[in-house]
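Before any comments, here is the structure.
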Amino acid sequence: MKSIFIILSISILSNFSIAQSKDSLFIRSIFTETLTNDDCYENLRYLCKQIGPRLSGSENAEKAVKYTELLMKEYGFDKVYLQEVKVPHWRRLNKATGEIRSGNKTSISVCALGGSIATPKKGIQAEVIEVKSFAELDSLGSSKVSGKIVFFNRAFDASHIETFAAYSGAVNQRGRGASMAAKYGAVACIVRSMSYTKDPYPHTGAMRYDAAFKKIPAAAVSTIDADVLSQKIKNPNTTLFLQFDCDTLEDKISYNVIGELKGSVNPEEIITVGGHLDSWDLAEGAHDDGAGCVQSIEVLRSLKVLKYKPKHTIRVVLFMNEENGLRGGLKYAEVAKQQKEVHLAAIESDAGGFTPRGFDIDADDQYVKKIQSWQNLLAPYGLYEISKGGSGADIGPLKGNVKALIGFRPDSQRYFDIHHSANDTFETVNKRELQMGAASMTALIYLIDQYGF
Ligand SMILES: [Zn+2]
């Protein structure tokens, strides 16, 4: 009896180690293929240099749709198609002007926030009142705020290890600041850029108006000039002049771009991998999120080149309109529900093309534990951080209709240096880091495909 038990144990263990070595060999081949092929990097170069900024509704966004659709067709994926989605169409129409006026004029670097209304044609000039929080604004009230430009100047908290935590701690100023200021009669608002770095570039991003309050123009100011402004307004009789032009047109038809490798055993069960194709208009959208798009395409390209026959359908989705509406992500989840699709997992890369660290998993503990059990297969590639956490904006709406939502997590330290600013260019992406990210996602998808949930 004892010997049978030992033989059984040995055979279970050896089956386990055969599976492990089969998996580790295949994962090694994924990394070899991705690291020795330039497609992922060159596709990003094309997206950044030949197309460029891709804000929803823009001509460039449509060019990006056509380019990535054609690219996936050329790769010979089993199915490539477009999913129609109506997107908002906000446009920046000039370069914004900001001037501190107190006898002389000091130019400051500003840009309109996405979704803002324009200033009057001649601009707007008013005294500035600086606040660090909505609570501080509330305490000042209409008597101190009415007729002024509210300056939200709460900086990133540098004590956080994860930079996204600092972003979360500051971004409500950008998103809701205008309406919070308008509530007390402010005529405009200006927000310190969402970055640790002291640089001269304003970082744009989405803002939303609360229908209960008047719409006022909203701008971002570079971190360097936020400090200048904060100093200068200590002198009485100092005003700020702002002028910028932007508008919102009718919603426009656009698309999520989708490609699939069909499952050979359970084709009706889907693993989604994606990033967002739209980008802010001030730069090339290289890290945010051209990187996530080309990495997601690379997942399918490399598996196909390796002649891998997935058990489940692996689907790349390039979402439209993450930046200023999330309409692509919402549409994808809506269609998935309507068509009663079964989703095993959805993985998003939307945190930059930097060195991989791991994955955050938004799922029941059993699925988190299952993914963590693959740690020894992923650790050789620097993927040490596999933990429960948030995933990605575009895949978020799938929640409730998917077993695991997974966010690919690269190193976050440099992300906000470039995020939503003129710095987000192809040159800031390192080829090896980008490829390592693509291969990391491919490895995880391979394991999910092999062992399911
Ligand atoms: Zn993004």
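The values are calculated or read from the model by the stated rules, or taken from the named source; none is laboratory data. Keep in mind the model is a prediction, meaning the values are calculated, not measured. Here Cβ is always computed from backbone atoms with ideal geometry, including for glycine, and neighbour counts include all displayed protein chains.
Details
- Selection status of K86, of a type outside the set (V, I, T), surrounded by fewer than 21 Cβ atoms within 10 Å (Cβ to Cβ) and not in a helix (DSSP H, G or I): yes
- Scanning segment 403-426 for residues that are without any contact (Cβ under 8 Å) to a residue 60 or more places away in the chain and either of a type in the set (V, I, T) or more than 15 Å from the ligand (Cβ to nearest atom) (or both) yields one hit, D411.
- Within segment 15-35, not a single residue is outside any helix (DSSP H, G or I), over 21 Å from the mean Cα position of the chain (by Cα), surrounded by fewer than 18 Cβ atoms within 10 Å (Cβ to Cβ) and among the β-branched types (V, I, T).
- Qualifying residue in segment 346-359 (condition: surrounded by fewer than 21 Cβ atoms within 10 Å (Cβ to Cβ), out of contact with any Pro (no Cβ under 9 Å at 6 or more places or on another chain) and outside any loop (DSSP other than H, G, I, E, B)): no
- Residue among A170, A188, A166 that is more than 22 Å from the chain's Cα centre (by Cα) and hydrophobic (A, V, I, L, M, F, W, C): A188
- Residue tally, condition over 22 Å from F354 (Cβ atoms), more than 14 Å from the ligand (Cβ to nearest atom) and assigned to a helix (DSSP H, G or I), over segment 301-329: 4
- Test for D288: is it modelled with pLDDT of 95 or more, within 16 Å of the ligand (Cβ to nearest atom), in contact with a Lys or Arg (Cβ under 6 Å, 6 or more places away or on another chain) and farther than 17 Å from Y75 by Cα: no
- Qualifying residue in segment 404-427 (condition: basic (K, R) and more than 16 Å from the chain's Cα centre (by Cα)): no
- Restricting segment 261-285 to residues that are touching a helix residue (DSSP H, G or I) at 6+ places or on another chain (Cβ under 7 Å) and away from the ligand (no atom under 12 Å from the Cβ), the residue that is farthest from V221 (Cα to Cα) is L261.
- Failed item, numbered, when I347 is tested on (1) away from the ligand (no atom under 13 Å from the Cβ); (2) under 22 Å from V87 (Cα atoms): (2)
- Residues within segment 93-130 that are buried (at least 23 other Cβ atoms within 10 Å of the Cβ) and part of a strand (DSSP E or B), tallied: 6
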